[in-house]
Amino acid sequence: MKENPSAIQSVGIDNLFEKTDYIKEVSVSKTPTDESINYFYTLIAMACLYGGFLGLKEISQIQANQSSQGARVSVAPVHKLKTFMASMAAATIVQLFDISVLMAYLCFILKISFSNQIGYILLACVVGTITGVTFGICLGTVLKKSEGVKTGILVGATMTMSFLAGMMYDKMKYIINSKMPILSYLNPVNLIADSFYSLYYYDTTTKFFINMGVLCILSIIFSGTTYLVLRRQKYASL
């Protein structure tokens, strides 16, 4: 500097105090963010959980203390596991038809955007429906109440899970994820809706398969609980 003081002028005094930002903000997805789309994804998730009504109806038809048909089924020489699986399959098929009608309406009438990964979307619908049906079956088996009370509890539980997933207030989903993240993994409605959102927004399927795995675990827990309760049921007379 002493030998060539003019060099500092060529660099520029102002440049010495200039703040340079070397961090560049990059979006995790090429898809633009649309917060309103979560409402429709949550609607599909709630519809999947409403398969619980069919499950509740089916389980009452194979329990001797719930219906006359259940009394006849109980004395039939058929293993309870086969009866349970047949009832669950019937309820799942009917509910999948309802879900397909809803998906067609959202896609072709309302023009709601979904991912182009059709196979994964169908997988989410099937797994979500099975979770809803098994949830209703488990609820109908464990609760020793009238059908009306069971239906009320199922409605209340489903609507509460839908609210926590952001159906009525979109920020609620993020509040739960930040404050009580474990609750988001115990909420089937949130898991189903988040699966659709991850396919739409993210370029990878890691989050999607995590959600699918947790839903499968919940379905196994619901089904296992139902079978254990049915297996232990005995009646003094029919």
message = Output needed: percent of Cα pairs per 10 Å distance bin for region 34-231, bins running from 0 to the one holding the longest distance.
response = 9, 36, 33, 16, 5, 0
Label point 7 Å beyond Cα of Arg231 along Cβ direction - residues of region 77-95 with amide nitrogen under 15 Å = 79-85
Fewest-first ranking of Phe163, Phe108, using other Cβ atoms within 10 Å as the exposure measure = Phe108, Phe163
query = What number comes out for the charge environment of Lys173, summing +1 per Lys or Arg and -1 per Asp or Glu over other residues with Cβ under 11 Å away?
reply = -2
inquiry  = Around Ser184, under 9 Å between beta carbons, what's the net of Lys plus Arg minus Asp minus Glu among the other residues?
reply    = 0
note = Taking every C-alpha to C-alpha distance in region 104-206 and binning by 5 Å from 0, the per-bin percentages run 2, 11, 17, 20, 20, 15, 9, 4, 1, 0
note = HN-Hα couplings for region 159-170 via Karplus (6.51, -1.76, 1.60; θ = phi - 60°), in whole Hz with x for Gly/Pro, come out as 5, 5, 5, 5, 5, 5, 8, x, 6, 9, 9, 4
ask   = In region 76-131, what trypsin sites (Lys or Arg not before Pro) fall in a loop by DSSP, with at most 12 other Cβ atoms inside 10 Å?
value = Lys111
remark   = Among trypsin sites (Lys or Arg not before Pro) in region 116-173, those in a DSSP loop whose Cβ has at most 10 other Cβ atoms within 10 Å are Lys144
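Could you list Thr83, Thr205, Thr129 so that the one with the fewest beta carbons within 10 Å of its beta carbon is first and the one with the most is last?
Fewest-to-most ranking of Thr83, Thr205, Thr129: Thr205, Thr83, Thr129.
Rule-based calculations on the coordinates, nothing more; no lab input. Not measured: the values here are computed from a predicted model. Quick reminder, even Gly has a Cβ in these numbers, built from the backbone with ideal geometry, and neighbours come from all protein chains shown.
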